[in-house]
Every structure is written in C-alpha cells, then in structure tokens.
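For reference, the structure is listed below as structure tokens.
The values are calculated or read from the model by the stated rules, or taken from the named source; none is laboratory data. Since the structure is predicted, the reported quantities are computational estimates derived from the model, not experimental observations. With ideal geometry, Cβ positions are generated from the backbone for all residues, glycine too; neighbour counts draw on all protein chains shown. For the accessible areas, the whole protein counts, side chains as well, though only heavy atoms, and no ligand, DNA or RNA atoms are used. Shrake-Rupley method; radii C 1.70, N 1.55, O 1.52, S 1.80 Å.
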Amino acid sequence: MTKRSGIGVREEEEESFIPSNEARVFKQRRKEALSKRDYAEAERCREQLVSLYVHHGETYKFGDRPDPALAMTCLKEALRMQPEHPIANYRYAHLLYKEEAYAEAAMHFHKSLAPTLTLQLNDQQAYIANIFLVNCGVLIAREAMREIGYLSGDEHAEYDLDVVERYEERMLIESEKMLQSHMFLKTTEDRTEYFSKDQYDEYRVKAAREEVLLCAEEEAFELQFGSHRPVPLDKLSFLVLRKLFASDKFLQGGELAEGLPATSRGSPVTSVYVRQIFSRLHREIPYWDEIVDTMATGNRTERKLRGGLRFTLLYHASIVLP
C-alpha cells in the first residue's frame, strides 16, 4: 500500500514515471534524505516532485503537441503522491470528463474543491468544478436510467420513466447552459468576465483594429491582430507574450522569464530562452513590428506592447494560467 512520506514514514514505492531530469534529481535527493531520516527535507522534495508532475500534466495537456495520455500519467503520479492536491484533481477531472468517465471525474472534481493548508482552486476554477459536478451527476443518472430501463415494463413498479427522463433532461440542459455560459474568460486591463463559446467566437470576429488578442482554447494557443490570420503559439511563447502585453513598461528577457513554468524538458526558462522565443516569433509573425515596441539600451533589449494598442486575453476556463 502506498504511503505518503512524513515524520517517521519510510520511502514510498518507486515512482513509475519520471517526466524530467529535474524530477530525477528531486527523487534521488528524497531517497537520500529518507535514508538519513531527514524527513523535513524528504517532504520538501516530495512537494517539488508533485509540483513537477502537475506542471508536466498541464504541459502535455495544452502544449504545442498535446498528449492526453501522458498528461493523465503525470497527474496520476502527482495524485499518487498527494491525493488531496486541488489543482492536480481539477486537471485530472477534466481529462476524465472528456473520456466520459463521469463517476471518476465527479470524485476528482469534488476532491479539487477541498483546500489544503497551502493550495486551493481560485474562484473561477471552483465555480467551473461545481458546474461540472452537476453535469457528472446528471450524466451518471442518465446512464443508470438506461441500466434499469427494464423497470418501465414492470407493471408492479411504482416508477414513471417518462417523468424521470423529462426531469433528468431538464436538469442536464440547465446545467449545460450554465456551463457553456461560463466556459471562457475575457481578461482586460480592468476586469475579467465569463464568456460562452458563442461570445468567444463572436468577440474574435469583431475585435477592434487596435486590439491584440491572445486566445487559448483546450488544445490551441493563438495570437490575433487586425485582419491578419491568427498565428499558432506554443504554451511558453503564449505565456511570454501574455506577460509582455500586460505590462505598461519595457521588459527585459530576464524579467519575462521570472515565474514561468519549466520547459517540456524540465529546464528552467532563462533570459536566453526568452530571447530565442522572440527571435522565432519575429520570423513567424509578419506584423511583429506593428505590435511590439523594441528598445536597445547598451547590450540589453527591452520590449513592450506598442502605444495605441490594447491587449485582451481570451481563454478556456479549464486552463490554469500561472
């Protein structure tokens, strides 16, 4: 039986999946700490491992080459090590829901709503998790109705199948409406609001000429500006541009690298990595100089959104942004 590490607890069973060299380092440090009975250090390493598994689960889910199977593997490993982790449960539940595993998805959405001492869903995620819980319950009920459909032919059963089906269908429609109306978020400089998929699509079509959009759906990240064709982005490029466009001052590569998640190989994002991102984006985006103001100061290059433009972020509610 798997046990969590802690005071007086021995090494748990070997991780079955290690997503990066950084994770291997923390795993080895944890083993060494446990062998020395340094349980505080072992717990710190465990927390680092869980964070890496959760990060890689997000990377494989929303990366430039989405791999839901690997995302599930990473998130399962995180939950094996910390079953109560809210974000891991939330992300894992979304994957299960897409696979129509509604009972298991409901369990993980429910777990995601219970905060730990240091982690909890934000208000947006908690709202979405509750709506998905309603949907899971209705869909589980629908499947149960099919399983016991033979009762409709039992003359002794006090059971009105038509009434139950009408009620269940109404509940599902209402919860679906609520879910769809809160499926996307629009964030500008002064506020965040919920959008439906139709509102999201309409906003992209009718965006103002001076508006720069970063758009994130379940498996796609894009930059949109004016009448130009949207440009697909990988997740780290998306996050770098989000940070750049949201700033009212010029930023260097090192400032943009701060707080970003590791690369898909587990390496930290550095100013050099950000510079490589900008070099590639400059080649791939034909209107780059129309939206990005660049200033060279000595051997440093700083950038910001050009004056006169405004930035809007549109993203799917299941995406967790750092």
With the 1.4 Å probe rolled over protein heavy atoms, region 179-265 has an accessible area per residue in Å² of 51 Å²
Row for region 47-133, column shape: gyration tensor on C-alpha, a ≥ b ≥ c, rounded if a/c < 1.5 i.e. under 1.5, prolate if a/b over b/c, else oblate; value oblate
Spelling it out for G226: with amide H atoms placed in the peptide plane at 1.01 Å from N, the residues 5 or more places away or on another chain with amide H under 5 Å from its amide H are E211
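Answer rounded, prolate or oblate for region 175-322, using the Cα gyration tensor with square roots of eigenvalues a ≥ b ≥ c: rounded when a/c is under 1.5, else prolate when a/b is larger than b/c, else oblate. Intermediate values should be presented prior to the final figure.
Numbers: a/c = 2.04, a/b = 1.49, b/c = 1.37.
Prolate, because a/c is 1.5 or more and a/b exceeds b/c.
Using a cut-off of 12 Å between beta-carbons, work out the net charge of the residues near G253 (Lys and Arg +1, Asp and Glu -1, G253 not included).
Values: positive: K243, R275, R300, R303; negative: E255, E258, E302.
Residues near G253 contribute +1 overall.
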Of the listed links K76/K111; K206/K249; K111/K235; K186/K235; K111/K243; K31/K235, those spanning more than 22 angstrom between alpha carbons are K206/K249; K111/K235; K111/K243; K31/K235
